[in-house]
Amino acid sequence: MMNQPNEHTAGFCQNLVGFLQNYNLFPSSPPSKCRSELSVQRVSTMIFIFLSILLLTMPSIYISYTISTDPYYRQSIIQPSYLTYLTLYSKYPESLSCQCNQISISYATFLQIKVTLHQICISVFVTNNWIESLIVNDGTEIFEEDFRKTAPHAFEALSMFCDMSNRSIHNNLQQFLSNEYISTHVTTMRTFDERINFKLTQLFLSMVENFQVSIAMIQRTIHINGLFSGLGINYELHRKNTDNNSIFIKPKKYNDCSCSRSSYCAQKSSIYNYPNPLSSFDVPGFYIGCNVIDALLQSDLRCFYDLNCLDQLQQHLPSLLSIPVHASSLLPFDSRFSAKTPILHLVNELMIEERVTTVSHQYYYDQCEPISCTFITKSSENISMAIHIIGVILPTIGGILPVLKLIISIFTNIIIFCIRKPSNRIAPNTLNIYT
């Protein structure tokens, strides 16, 4: 039972071989039983089939050859305009290459950077008028922990941060823009933007890191040296006893945190009615501590967004009445920072509110002054010609095959006629022609 499939396959193959061996497109009429004649007819059939297959496969071979050997052409355009460059790039993004006449180009020619600082840096709260108005000089006694005692120095430090940030940004940008962008060939727009953005990201990261290092160094210097604050906010002087004039220094504490251990000790900043130690107004978000800078960095600016808070400050500091604080209050919707963002975070961001960068690839291209643009294009002439030829050949082949069959039929009958001719005479024979 297992041999039946093999027997069927073998039988089919034998039948197929027998069919092909006996296949005859040029039988004589009446059918001949002569082996020589049948052999000639079958050979003619094979020749016809071979020539037919050859005629039908030649167009396919021609197309494959044409496509595989289709040549590439390098073309050049001398001093193309920017619009021409964009057109060429849209068509030949992989092969387009434009050699620059000017390989070194200043960043300032194609790059503009506009930096806007946090609104506190352009507000009235960092002006001399505001700072001087915070100073109590009418003889009123106030505690060292009073907001009015430290506020002038805190806002002076805040103004200093704004100035430092502004100078750092200006100097670094000027230095960066004076540098030169090097390219021997025109950089594509996408790559150009990526490179510039990467450079700017690195620049601003470096600026922020350097600024943070400077602030941290100031803080460490103050704490390590144990500098005595003239405001008396980190250490107090005490007499040992009333019999002599010896004194000792006692570190102050804020919320059970000693200034001798940390410079970051802080508590909320308040306004007092001396000598009453109870607070009459706590300034929201503002802190006082072992030194002005550390306390300021822990503070935030929420009070200066709030008109009610500003009104309270004016009530306790009548000298502020001359300043239009209502018109000068900070606007929460004009900032990427919230009103409760610590000033330390603002400083760590270099007080930058917004950075707008304008990069012009066209200005860069104009400065590059390309000598020429070269691109590689694949000619479509051969393919078009091949398609045209095939369109002509295929119908022609349809007409050639019957003619070919007729010619082979004639030659086949001539050969058969010669085979049938007796050796001593020519016997008449009928010429069969098949189409």
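The values are calculated or read from the model by the stated rules, or taken from the named source; none is laboratory data. What you see is a predicted model, and the numbers here were worked out from it, not measured in a lab. Backbone-built Cβ (ideal geometry, glycine too); neighbour counts: all protein chains shown. Side chains are part of the model used for accessible areas, which takes the heavy atoms of the whole protein and leaves out ligands, DNA and RNA. Shrake-Rupley method; radii C 1.70, N 1.55, O 1.52, S 1.80 Å.
Can you tell me how many residues in region 340-367 are touching a residue at least 40 places away in the same chain (Cβ under 8 Å) and either open to solvent by less than 20 Å² (accessible area, probe 1.4 Å) or over 25 Å from the mean Cα position of the chain (by Cα) (or both)? If you could, list the steps in order and put the result at the bottom.
Narrowing region 340-367 to residues touching a residue at least 40 places away in the same chain (Cβ under 8 Å): 340-344, 346-367.
Right, trim to either open to solvent by less than 20 Å² (accessible area, probe 1.4 Å) or over 25 Å from the mean Cα position of the chain (by Cα) (or both) and you get 340-344, 346-348, 350-352, 361, 364-365.
The number of residues fulfilling the criteria is 14.
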Scan region 133-141 and give yes if some residue there is surrounded by fewer than 20 Cβ atoms within 10 Å (Cβ to Cβ), part of a loop (DSSP other than H, G, I, E, B) and of a type in the set (D, E, K, R), otherwise no.
yes
So which helices (runs of 4 or more DSSP H) stay within region 249-347 end to end and still have 3 or more residues that are under 22 Å from PHE143 (Cα atoms)?
292-298, 307-316
Hits in region 77-113 (condition: in a strand (DSSP E or B) and either touching a Phe, Trp or Tyr at 6+ places or on another chain (Cβ under 7 Å) or of a type in the set (S, T, N, Q) (or both)):
SER97, CYS98, GLN99, SER104, ILE105, SER106, GLN112
Please go through region 88-129 and give me each residue that is in contact with a Cys (Cβ under 9 Å, 6 or more places away or on another chain), open to solvent by 50 Å² or more (accessible area, probe 1.4 Å) and free of Cβ contacts under 8 Å to residues at least 60 places away in the same chain, ordered by number.
ILE122
Quick check on region 368-383. Is at least one of its residues of a type in the set (S, T, N, Q), surrounded by fewer than 20 Cβ atoms within 10 Å (Cβ to Cβ), in contact with a helix residue (DSSP H, G or I) (Cβ under 6 Å, 6 or more places away or on another chain) and at pLDDT below 85?
yes
Listed by first then second residue, the pairs whose first member lies in region 277-289 and is closer than 22 Å to SER229 by Cβ, whose partner is among the acidic types (Asp, Glu) and modelled with pLDDT under 90, with beta carbons under 8 Å and at least 6 positions apart or on separate chains, are ILE288/GLU145
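Test SER183 against the stated conditions and say whether it is in contact (Cβ under 8 Å) with a residue 12 or more places away in the chain, open to solvent by less than 30 Å² (accessible area, probe 1.4 Å), more than 30 Å from LEU317 (Cβ to Cβ) and of a type outside the set (A, V, I, L, M, F, W, C). Spell out how you get there, then give the answer.
On the way: in contact (Cβ under 8 Å) with a residue 12 or more places away in the chain: yes; open to solvent by less than 30 Å² (accessible area, probe 1.4 Å): yes; more than 30 Å from LEU317 (Cβ to Cβ): yes; of a type outside the set (A, V, I, L, M, F, W, C): yes.
It is true that SER183 is in contact (Cβ under 8 Å) with a residue 12 or more places away in the chain, open to solvent by less than 30 Å² (accessible area, probe 1.4 Å), more than 30 Å from LEU317 (Cβ to Cβ) and of a type outside the set (A, V, I, L, M, F, W, C).
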Out of (1) out of contact with any helix residue (DSSP H, G or I) (no Cβ under 8 Å at 6 or more places or on another chain); (2) modelled with pLDDT of 80 or more, what's the single condition that is false for GLU236?
(2)
Single residue of region 259-284 satisfying the filter (out of contact with any Phe, Trp or Tyr (no Cβ under 7 Å at 6 or more places or on another chain) and at pLDDT 90 or above) that is least open to solvent (accessible area, probe 1.4 Å)
PHE281
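Any residue in region 154-174 that is within 30 Å of CYS98 (Cβ to Cβ) and either open to solvent by less than 40 Å² (accessible area, probe 1.4 Å) or assigned to a helix (DSSP H, G or I) (or both)?
Pass one, region 154-174, residues within 30 Å of CYS98 (Cβ to Cβ): 173.
Add one more test, that the residue is either open to solvent by less than 40 Å² (accessible area, probe 1.4 Å) or assigned to a helix (DSSP H, G or I) (or both), and what stays is 173.
Yes: region 154-174 contains one or more residues that are within 30 Å of CYS98 (Cβ to Cβ) and either open to solvent by less than 40 Å² (accessible area, probe 1.4 Å) or assigned to a helix (DSSP H, G or I) (or both).
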